[in-house]
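What follows is a set of notes on a single structure, which appears directly below.
The values are calculated or read from the model by the stated rules, or taken from the named source; none is laboratory data. All figures in this text were calculated on a predicted structure; none of them were measured in a lab. As a convention, Cβ positions derive from the backbone with ideal geometry for all residues, glycine included, and neighbour counts pool all protein chains shown. Just the protein is used for accessible areas: all its heavy atoms, side chains included, with ligands, DNA and RNA removed. Shrake-Rupley method; radii C 1.70, N 1.55, O 1.52, S 1.80 Å.
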Amino acid sequence: MNLPEHLPKAELHLHIEGTLEPELAFALAARNGVDLPYADTEELRRAYRFDDLRSFLDLYYALMTVLRTADDFAELADAYLARAAAQGVRHAEIFFDPQAHTDRGIPLGTVVEGLARALERSEERHGVTTQLIMCFLRDRSAEAARETLDAAKPYLRHIAGVGLDSAEVGHPPAEFREVYEAAAALGLRKVAHAGEEGPPSYVREALDVLGVERIDHGLRAMEDPELVRRLVRDRVPLTLCPLSNVRLRAVDLLEDHPLKAMMDAGLLVTVNSDDPAYFGGYVGDTFHAVREALALTEDDLRRLARNSFEAAFLDHDEELRARYLAEVDAYTFD
Ligand code: HPA
Ligand code: ZN
């Protein structure tokens, strides 16, 4: 059945560690001899109640300690790709947090090797093309980010770009100017989380100081009309994550989400799942939820799907982008 929410689309804001479902977390914990402070998946799921970004990140970092071997990372990524494919994802640009693993003694090579193994098979297995984006943790130092970039040099054939995530407030983008310059010199693409909880000035800084090509979230840009005009004029993509914004209380209710207002303002917005195991849905589920809550039309959904391919890092293969866009146009709704 051709559900509207299963339109062909690209997912551009997805933390692979945020796809760790409770069942897999317990299976990996058993396999690796890691003790989880929860009796079972039910009890773990009950802990998925967050007050803000920080309270989510505490659980997110705690639970990922079950990931230890390259096989674990491959299994995690393959499970995501299978689910994403079933909801219409044709192309995925996937974040990972190297420091969250290297800081607990897992070599970067183990992480990248496992993820790359799943990604390399993804087109054949799931019909999903992929890229990997390495995120620096902004609540650690700029030096630590620089060390992470240096450590990644042997693996750059697997890595398309750099991003910036973790706790935002108090950690402005400008602190990471040098590491972003170094990343660009290595030919890496640049994105950054900004305006999720942080002020509109962080969005400006990410553009002006880091030279990012897309803003992850960018929700709070709406507080600054001049910034909105600029984002519209320059067609800067914003990778929105509406279910995440509700769960982390950036907006009260999905019905209050500015997604539709942002579309109406002419912004190039995309809809993504962020950390789907924690926030109640993968990207097709998210399309479904925003369609209901914001009364989006089929044309709106088609536009969001088109935006996702327009914002994707497919410059090296414009033919592929054109093919994906044609798939969106040809998709019929039941
Ligand atoms: N924001 C910032 N950092 C993150 C997120 C997020 O939503 N998910 C995983 N790391
Ligand atoms: Zn995110």
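Values computed for the structure shown
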read-out: Qualifying residue in the range 61-81 (condition: over 30 Å from Tyr331 (Cβ atoms), surrounded by fewer than 19 Cβ atoms within 10 Å (Cβ to Cβ), of a type outside the set (Asp, Glu) and within 16 Å of ligand 2 (Cβ to nearest atom)); value: yes
read-out: All positions within the range 189-212 that are without any contact (Cβ under 8 Å) to a residue 60 or more places away in the chain and assigned to a loop (DSSP other than H, G, I, E, B); value: Gly195, Gly198, Pro199, Val209, Leu210, Gly211, Val212
read-out: Residue count for the range 270-284, restricted to those that are more than 16 Å from ligand 1 (Cβ to nearest atom) and under 21 Å from Arg220 (Cβ atoms); value: 0
read-out: Complete set of residues in the range 138-159 that are among the aliphatic types (A, V, I, L, M), touching a Pro at 6+ places or on another chain (Cβ under 9 Å) and under 20 Å from Glu93 (Cβ atoms); value: Ala152
read-out: The range 249-270: number of residues that are within 13 Å of ligand 2 (Cβ to nearest atom) and either out of contact with any helix residue (DSSP H, G or I) (no Cβ under 8 Å at 6 or more places or on another chain) or open to solvent by less than 10 Å² (accessible area, probe 1.4 Å) (or both); value: 1
read-out: Filter pass, Gly284 being over 22 Å from Met134 (Cβ atoms) and either assigned to a strand (DSSP E or B) or not aromatic (Phe, Trp, Tyr) (or both); value: yes
read-out: Selection count, the range 82-102, where residues are part of a strand (DSSP E or B) and either open to solvent by 10 Å² or more (accessible area, probe 1.4 Å) or without any contact (Cβ under 8 Å) to a residue 60 or more places away in the chain (or both); value: 1
read-out: Per-region count, the range 165-175, residues in a helix (DSSP H, G or I) and more than 16 Å from ligand 2 (Cβ to nearest atom); value: 2
read-out: In the range 31-46, the residues that are among the hydrophobic types (A, V, I, L, M, F, W, C) and in contact with a helix residue (DSSP H, G or I) (Cβ under 9 Å, 6 or more places away or on another chain); value: Val34, Leu36, Leu44
read-out: Output for the range 207-236, where each listed residue is open to solvent by less than 10 Å² (accessible area, probe 1.4 Å) and either at pLDDT below 95 or closer than 17 Å to Met262 by Cβ (or both); value: Arg214, Ile215, Asp216, His217, Gly218, Ala221, Leu227, Leu231
read-out: Subset of the range 1-15 that is closer than 26 Å to Ala160 by Cβ and over 8 Å from the mean Cα position of the chain (by Cα) - its residue that is surrounded by the most Cβ atoms within 10 Å (Cβ to Cβ); value: Lys9
read-out: Selection count, the range 314-334, where residues are hydrophobic (A, V, I, L, M, F, W, C), open to solvent by 10 Å² or more (accessible area, probe 1.4 Å) and within 19 Å of Pro237 (Cβ to Cβ); value: 3
read-out: Close pairs from the range 215-235: first on the phi > 0 side of the Ramachandran plot, partner within 16 Å of ligand 2 (Cβ to nearest atom) and open to solvent by 20 Å² or more (accessible area, probe 1.4 Å), Cβ under 9 Å, at least 6 apart; value: His217/Glu197; His217/Ala250
read-out: Any hit, the range 158-173, residues being in contact (Cβ under 8 Å) with a residue 40 or more places away in the chain, away from ligand 1 (no atom under 16 Å from the Cβ), closer than 19 Å to Pro237 by Cα and open to solvent by 40 Å² or more (accessible area, probe 1.4 Å); value: no
read-out: Any hit, the range 30-47, residues being closer than 17 Å to Leu243 by Cβ and not aliphatic (A, V, I, L, M); value: yes
